[in-house]
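> Below are the structure tokens for one structure; questions will follow.
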Amino acid sequence: MGVAGCGKSTVGALLARRLGVVFLDGDDFHPPENVAKMAAGTPLTDEDRAPWLARLNAELRRRERAVLACSALKESYRTALSEGVSCRYVHLRGSPELIGARLSVRQHRYMPASLLASQFAALEPPAHAIDVDVAQPAAECVSAILAQLPMCT
């Protein structure tokens, strides 16, 4: 979990591969209304996110093990995502400057860099998560995560 541009998709896909589990990218599950809203530069509201979070929770419940890349910026979102699911959160953390620089050189299908400030404003860092500094390369982020997962040590 983390703000746009922190590396959720890249790190998540690498982690899933290392664990031998399915990778789910939360971006692929947004309803068209959310995509249109974000593409227009409008931040999503909690009401916009609720059906998306419920859909992601349903996807997680269908699987025994998976890695999900999802912003999960607020504690209430993480609660909705993990209802009835045993999970561990990884907070991919980076400075606004680092993430902003990354967003300035990437092209996302609907998430403009202009929404980054609203993501940092909404972010409620998780109290009990694996915390990873994304200034390091993605492979090192994955190694840091694996070192903190009991089933992987």
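> Does the stretch 90-98 contain any residue that is part of a helix (DSSP H, G or I), closer than 21 Å to residue 44 by Cβ and modelled with pLDDT under 95? Lay out the reasoning, then the answer.
To start, the set of residues in the stretch 90-98 that are part of a helix (DSSP H, G or I) comprises 96-98.
Imposing the further condition that a residue be closer than 21 Å to residue 44 by Cβ reduces the set to 96.
Subsequent filtering for residues that are modelled with pLDDT under 95 retains 96.
Yes: the stretch 90-98 contains one or more residues that are part of a helix (DSSP H, G or I), closer than 21 Å to residue 44 by Cβ and modelled with pLDDT under 95.
> Now for a different question. Pairs under 9 Å by beta carbon, first residue closer than 11 Å to residue 119 by Cβ in the stretch 1-22, partner in a helix (DSSP H, G or I) and of a type in the set (Val, Ile, Thr), six or more apart or different chains?
2/99; 3/99; 4/99; 5/99; 6/99
> Being over 16 Å from residue 138 (Cα atoms) and crowded, with 17+ Cβ neighbours inside 10 Å is the filter here, so list the residues in the stretch 1-33 that pass it.
24, 26, 27, 29, 30
> So, residue 117, is that one over 18 Å from residue 11 (Cβ atoms) and either loosely packed, with under 14 Cβ neighbours inside 10 Å or not polar (S, T, N, Q) (or both) or not? Even if it seems obvious, please write down each step before you answer.
Values: over 18 Å from residue 11 (Cβ atoms): yes; either loosely packed, with under 14 Cβ neighbours inside 10 Å or not polar (S, T, N, Q) (or both): yes.
In short, yes.
> Can you tell me which residue is modelled with the highest pLDDT among those in the stretch 64-82 that are over 24 Å from residue 35 (Cβ atoms) and assigned to a loop (DSSP other than H, G, I, E, B)?
The residue in question is 65.
> Say whether the condition of being of a type in the set (Ser, Thr, Tyr) and modelled with pLDDT under 85 is met by at least one residue in the stretch 101-110. Explain how you work it out, then say what you get.
Taking the stretch 101-110 as the starting set, the residues that turn out to be of a type in the set (Ser, Thr, Tyr) are 104, 110.
Retained after the next criterion (residues that are modelled with pLDDT under 85): 104, 110.
Within the stretch 101-110, one or more residues are of a type in the set (Ser, Thr, Tyr) and modelled with pLDDT under 85.
> Right, something else. Output the residues belonging to the stretch 1-60 that are touching a Gly at 6+ places or on another chain (Cβ under 7 Å) and assigned to a loop (DSSP other than H, G, I, E, B).
6
> Given the condition at negative phi and either hydroxyl-bearing (Ser, Thr, Tyr) or at pLDDT below 95 (or both), answer yes or no: does some residue in the stretch 9-23 qualify?
Of the stretch 9-23, the ones at negative phi are 9-19, 21-23.
If we keep only those that are either hydroxyl-bearing (Ser, Thr, Tyr) or at pLDDT below 95 (or both) as well, we get 9-10.
Yes, the stretch 9-23 contains at least one residue that is at negative phi and either hydroxyl-bearing (Ser, Thr, Tyr) or at pLDDT below 95 (or both).
The values are calculated or read from the model by the stated rules, or taken from the named source; none is laboratory data. Computed from a predicted model, the values in this text were never measured in an experiment. Note that we place each Cβ from the backbone using ideal geometry, even for glycine, and neighbour counts take in every protein chain shown.
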